[in-house]
Amino acid sequence: VVESERVARQIVDHREDRERDQAVVTRPKLTLDEFYARGASEGPKELSVVLKADVQGTCEAARDALEKLSTETVVLKVLSSGVGAITENDVNLAAASGAIVVGFNVRPDPSARREADNGGIEIRTYSIIMAMLDDVKAAMAGLLPPIVSEKMLGRAEIRETFTIPKVGTIAGSYVLEGKVVRNAHCRLVRDGIQIYQGTIGSLRRFKDDVKEVTNGMECGIGVANYNDVKVGDVIETFEREERAATL
């Protein structure tokens, strides 16, 4: 039983779309925080919201503000908006469409809370509009993959190679600039062409294992899981930095 034919049609339409996409659906718990982990698939992302507010004017203002958060990369879609307490129908609509329920100056009624608890649907309520917008905007940004950048650590030239039984090939190297750090990311460059990318598996200074070797020093470098190193090759070490994407 639902409040109106319009709500019933919305629920049915979303359920039919879901059944066409997959024969069997197991709906995981859906929370606003989990949107931060999304973003692996290609194409524009979409965050769906079911909105309830205390009065019509506030509801319209909140809906307009939410929809204005949409960008070319992430679209915010308000599936339904209305006035009054958050009801079981609102939770059902959110469950059918993979949406979250957002309330402004309203609370869920008992049946809505039970349905949300049973279905793993999160209800977020706010009394300050900026807090609501900041929270939803952060979730939208979380749909995007993180931005990965590289920070160069150093370069070392291989001047001699040694084969050690049960260990592999060790590159006797001279650090040309920066530093070489054990376990750092690295790439092996031969005649200006990258031929391998991996990590620094071992690093020794004379007979001692060390964490890093700096500019102007000699060292023995073992590239993890790779032995085809030659005199004259250059080992570049770097670290990857990730930062959250922004809208």
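The values are calculated or read from the model by the stated rules, or taken from the named source; none is laboratory data. Please read these numbers as outputs of a predicted model, since none were measured by experiment. In this analysis, Cβ positions are derived from the backbone assuming ideal geometry, glycine residues included, and neighbour counts consider all displayed protein chains. The accessibility values were calculated without ligands, DNA or RNA, using every heavy atom of the protein model including side chains. Shrake-Rupley method; radii C 1.70, N 1.55, O 1.52, S 1.80 Å.
Of note:
- Taking the stretch 68-86 as the range and being over 19 Å from I123 (Cα atoms) and open to solvent by 20 Å² or more (accessible area, probe 1.4 Å) as the test, the residues that pass are K68, L69, S70, T71, E72, T73, V75.
- Taking the stretch 114-146 as the range and being within 18 Å of the chain's Cα centre (by Cα) and open to solvent by 60 Å² or more (accessible area, probe 1.4 Å) as the test, the residues that pass are D134, K137, P145, P146.
- Matching option when the condition is farther than 20 Å from C219 by Cα and out of contact with any strand residue (DSSP E or B) (no Cβ under 8 Å at 6 or more places or on another chain), among P110, P165: P110
- Scanning the stretch 177-186 for residues that are open to solvent by 70 Å² or more (accessible area, probe 1.4 Å) and either among the β-branched types (V, I, T) or closer than 13 Å to V223 by Cβ (or both) yields a count of 2.
- Residue check, V181 at pLDDT 95 or above and touching an Asp or Glu at 6+ places or on another chain (Cβ under 7 Å): yes
- Lone unmet requirement of (1) surrounded by 13 or more Cβ atoms within 10 Å (Cβ to Cβ); (2) in a strand (DSSP E or B); (3) out of contact with any Lys or Arg (no Cβ under 8 Å at 6 or more places or on another chain) for F238: (3)
Results for (1) in a strand (DSSP E or B); (2) open to solvent by less than 60 Å² (accessible area, probe 1.4 Å); (3) over 30 Å from T71 (Cα atoms), shown as yes or no for each residue.
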residue: K151; (1), (2), (3): yes, no, no
residue: K166; (1), (2), (3): no, no, yes
residue: V175; (1), (2), (3): yes, yes, yes
residue: L188; (1), (2), (3): yes, yes, yes
residue: G198; (1), (2), (3): yes, yes, yes
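- Here E157 meets the list (1) acidic (D, E); (2) surrounded by 19 or more Cβ atoms within 10 Å (Cβ to Cβ); (3) closer than 30 Å to G222 by Cβ almost entirely, failing just condition (2).
- Residue check: E60 meets all listed conditions (1) open to solvent by 40 Å² or more (accessible area, probe 1.4 Å); (2) more than 26 Å from E5 (Cα to Cα) but one, namely (2).
- Lone unmet requirement of (1) under 20 Å from K151 (Cα atoms); (2) loosely packed, with under 14 Cβ neighbours inside 10 Å for V231: (1)
- Filtered residue count, the stretch 56-78, keeping only those that are over 18 Å from D135 (Cβ atoms) and touching a helix residue (DSSP H, G or I) at 6+ places or on another chain (Cβ under 6 Å): 0
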